[in-house]
1. Of all DSSP beta bridges located in the stretch 3-245, what percent are antiparallel, nearest 5?
2. Just to check I understand the Karplus step: with θ = phi - 60° and J = 6.51 cos²θ - 1.76 cosθ + 1.60, what whole-Hz values come out for the stretch 343-359, glycine and proline as x?
3. Check which residues have an amide H placed less than 5 Å from residue 304's amide H, if you skip close sequence neighbours.
4. Here are some values of mean projected area of the Cα convex hull in nm²: [x] 26.4; [y] 22.8; [z] 21.4. Which one was computed from this structure?
5. Over what distance in Å are the Cα centres of the stretch 347-410 and the stretch 174-207 separated?
6. Mean projection of the alpha-carbon convex hull of the stretch 3-245 over all orientations, in nm²?
7. Could you pull out every whole DSSP H run in the chain that spans at least 30 Å of Cα extent along its own axis and averages 0.0 or higher on the Kyte-Doolittle scale?
8. With the dipole of the stretch 3-245 worked out from charges on the C-beta (+1 for Lys and Arg, -1 for Asp and Glu) around the Cα centre, which of 42, 160, 210 lies farthest toward the positive end?
Amino acid sequence: MGLTLGLDVGSSVAKAALYDSDMVELATAARPVLQDRSRAGHVEYDALAVQASVVALIADVAVHAGVTPAAIGAIGISAAMVGGVLVDSANRPLRPAINWEDARAQSLIEGIVAQDPSALSRIFRSSGCVLQQGCTLPVLAALAATEPEVVARAHAFVSLKDHLRAWLTGDIGADKTEAAVGPGSAERRDRSPAMLELFGLGPLAHLLPTVEESEAVGGHVTPAAAAITGLRAGTPVAVGAGDVPCSVLGAGGWNTGRATMILGTTAMVGQSFAQPVFEPQDLGLLFTLPGKRWFRAMVNVAGTMNLDWALATLAQDLAASADPFARLEERAAQSPIGAAGVSFLPYLSDSGIIAPVIDPEARAGFAGLAPRHRSQDLLRAVYEGVAFSLVDLLDLTGFSGDRIRLVGGGARSALWPRMIADITGKAVDLFDGREFGARGAALLARVAVGELPDIASAAALVPPLRATVLPDRSCEAAYALARQTFRQHRQRMLG
């Protein structure tokens, strides 16, 4: 058994991790992904720039592990889901790629609902997901309406993950995790002809590639890609899966009966089930996982991006420090529980929110500000607002257990795990390793090449427990009061 590379390209950061045959994380690397938000409602990125970042990541992670890229035996890819890249037959982007946060399809969706008021509920009954403007089908329909000449020249409309796979292997395809949330069919774990018809995409169905199993071999590194990356030509590349399914698999959340919090660019809380779960109706998301599992999740589309914003806007003096987020936490910790009466509503996205209610117009903001408040109060309010929103999502899932698995970039915070434990009264488990999406992608690659017999065996390779944060009961009353204030402000904003 050789080395396995996992790639996880998120909306704000592209990551790579290298694993040995025991799934020990040997090295990691990260590079920023730049999003163009200069036009209201549009969130785009340069897919070729992402390719260049992946080349650099492969070199970085190999150097850190003390090997050459040619020593890598298999590759798994994960990336931010839906949105898409419109490409020609050589997989060259025909226009800037579109991120899942993009809201350009909102007017199109409103038109569909005006003609059929039950449309959004029909979509939910098929996919198990509240429709977001940046999903694959509405984005493609919007492009067909506004840029028909570009769409007419296209060979395929692919996810970022599938664009990267085609770049490495020359093979264009898709996987079940993407197809089902397109929106598609959660029960069939595939695309839905009814959903294509709903968005008027029958004539463009040929742009959506063949759907394959995530744990299958999706191609092999071409000589051209090998020359660019240093990988060995012929290295197998798994079909892969979206970032949420890979993070759930990589964090040990594939097995049922566990609550998993993913505190990354997006904040998400959910549980895995052996069958698709559509309750509560018309709320939240349902992700198809490899290996006949489904992850029922509640989502705040803005997670750690709130902290990125806070650092850039409220603490510019810390941005150049050696460890800016550690310094940010130190400053936030100078404010008491409840942030001296300030609440932050962490809905920092152009696409609004889909839990605890659906509101495309919801936006972030502070409430309760007074002349006495200082920057440390605002910073603590940001941390608390994100934590409170996560606990809101946990409540919506109906989880009654006493332990929470916390992963994602936010799990490396010293403050957030403590807050979540104290607010919920539940133990918060943290795990060894940094990149659980990349870990899940690497596990899929190991199944694809036969090093693991199936997904259940991959899911059994749970990462080692790093720490457990137990709730401090002495903080219970203060957090209960702060959460009540947060909920009052949230209710006023959302109505």
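Read the figures in this text as sums done on the coordinates, not as results from a lab. These numbers come from a predicted model, not from an experiment. Cβ coordinates were reconstructed from backbone atoms using ideal geometry, including for glycine residues, and neighbour counts include every protein chain displayed.
1. The antiparallel proportion sits near 65 percent.
2. Karplus values, whole Hz, x for Gly and Pro: 10, 10, 8, x, 9, 8, 8, 5, 9, x, 9, 10, 6, x, 9, 9, 8.
3. It is 264, 265, 266, by chain and number.
4. [z]
5. One Cα centre to the other: 32 Å.
6. Its Cα hull, projected and averaged over all orientations, spans 12.5 nm².
7. Flagged H segments are 375-397.
8. Of the options given, the answer is 42.
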